[in-house]
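In what follows, a structure is listed as structure tokens, so that the remarks can point back to it.
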Amino acid sequence: MKIVIDDKIPFIREAVAQISDDVIYKPGMEIRAEDVHDADALIVRTRTRCDESLLKGSRVSFIATATIGYDHLDLDYLEQAHIAWSNCPGCNASSVGQYIHSCLLLLEREKGFDLSRTTVGLVGVGHVGRAVLQAIRPLGVKVLLNDPPQKETLGQAGTSPQEEFVDLSELQEECDIISFHTPLILSGKHPTYHLADTKFFRRLKKSPLIINTSRGPVIDNNDLLQALKEGTVRDAIIDTWENEPHINQELLHLIYIGTPHIAGYSADGKANATRMALDALCRHFHIPASFQIHAPLLPKGNVPAGQLDEKERALALYNPHTDSAKLKSHPELFEELRGNYPLRREFWETTP
């Protein structure tokens, strides 16, 4: 069995060697039709567009994307070509939760937010939205949930009897922070493409801070830039951008925190994604899954010296300013910063 794999997928080489000895690794944006024409399977990330131009005439029968999102897969063509596929729902949800949690701590420390009197709106309450909810609830914030598809499916009740789904208009009126966690949906009853645009921003009542860790085009970046200039949005934290890696640099330098699509890039989240992708591949080809994948331990020297309170300890473990400073200094290195992301853990788990 021949497998073509994005060479930035972590922790995969030793594991996949137990599955096949015919493996090609290439940068995701450089995988071409000639690379896959005699392949049986692909394991990709969002940088590989899997459509007819890539796959026509190939013998590929299965694609695993080691990501939550799958808008880079042409599902209509895959169905037509009888190519099975799998994504990794929830793989990096707790990593995004850590990112948002750390961002709120920074807003409290540096921007004067009183979290006990802050209302946060979560747009999208799937795997990631729920993980974010779990991560930020202990900070004492009030949370409003918006998810029209889930509201239709589950009814008014949210994740517990004490929570409920509300209309987007209520978030626009009540929230100090609005954070987006939706998939990118281009059509249908509940599209999310440019969900936050000029019309959305002009309906805001409290000049909130906007966060996007979902998909770049969920927010119209040009409209967000204008809203920031007009003051209808007070500030922003952006991890996912339109036109990656060629992002709006004026927007980047105007906002509080801007990172290169790495909110879900903890080693824990990456290990989950790689494990789920390989499990799916093994199920498809009826191969025993005998591999093990674990996130690397942190070097012992990474543990901060002295006594830190819980919030300081969380920021010592992960501070988004580090990633933001790198991107703001070198926005042209967006893809390199993302592809060569350093070790980040969600827990203080260190070598002896």
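Odds and ends about this structure:
- Count of segment 281-299 residues, restricted to those that are surrounded by 13 or more Cβ atoms within 10 Å (Cβ to Cβ) and not in a helix (DSSP H, G or I), is 8.
- Answer residue from segment 343-352, given it is part of a loop (DSSP other than H, G, I, E, B) and modelled with pLDDT under 95 and is surrounded by the fewest Cβ atoms within 10 Å (Cβ to Cβ) among those: 352
- You will find that of 339, 306, the residue that is within 19 Å of the chain's Cα centre (by Cα), modelled with pLDDT under 95 and not acidic (Asp, Glu) is 339 and no other.
- For segment 322-338, the condition of being of a type in the set (Asp, Glu) and assigned to a loop (DSSP other than H, G, I, E, B) holds for none of the residues.
- Here residue 58 meets each of (1) farther than 22 Å from residue 37 by Cβ; (2) over 20 Å from the mean Cα position of the chain (by Cα); (3) of a type in the set (S, T, N, Q) with one exception, condition (1).
- Scanning segment 248-286 for residues that are touching a Leu at 6+ places or on another chain (Cβ under 6 Å) and either hydrophobic (A, V, I, L, M, F, W, C) or under 14 Å from residue 94 (Cβ atoms) (or both) returns 251, 254, 267.
- Qualifying residue in segment 292-304 (condition: farther than 24 Å from residue 341 by Cα and either in contact with a helix residue (DSSP H, G or I) (Cβ under 6 Å, 6 or more places away or on another chain) or not assigned by TED's automatic domain parsing to the domain that holds residue 139 (or both)): no
- Residues (closer than 16 Å to residue 334 by Cα, of a type in the set (A, V, I, L, M) and surrounded by fewer than 19 Cβ atoms within 10 Å (Cβ to Cβ)) located in segment 212-250: none
- Flag for residue 182 being more than 30 Å from residue 336 (Cβ to Cβ), touching a helix residue (DSSP H, G or I) at 6+ places or on another chain (Cβ under 8 Å), in the same structural domain as residue 132 (by TED's automatic domain parsing) and among the hydroxyl-bearing types (Ser, Thr, Tyr): no
- Between 184, 195, the distinction of being surrounded by 20 or more Cβ atoms within 10 Å (Cβ to Cβ) and closer than 22 Å to residue 72 by Cα belongs to 195 only.
- Residue within segment 253-271 that is in contact with a Gly (Cβ under 9 Å, 6 or more places away or on another chain), among the acidic types (Asp, Glu), in contact (Cβ under 8 Å) with a residue 12 or more places away in the chain and surrounded by 15 or more Cβ atoms within 10 Å (Cβ to Cβ) present: no
The values are calculated or read from the model by the stated rules, or taken from the named source; none is laboratory data. Computed from a predicted structure; not experimentally measured. As a convention, Cβ positions derive from the backbone with ideal geometry for all residues, glycine included, and neighbour counts pool all protein chains shown.
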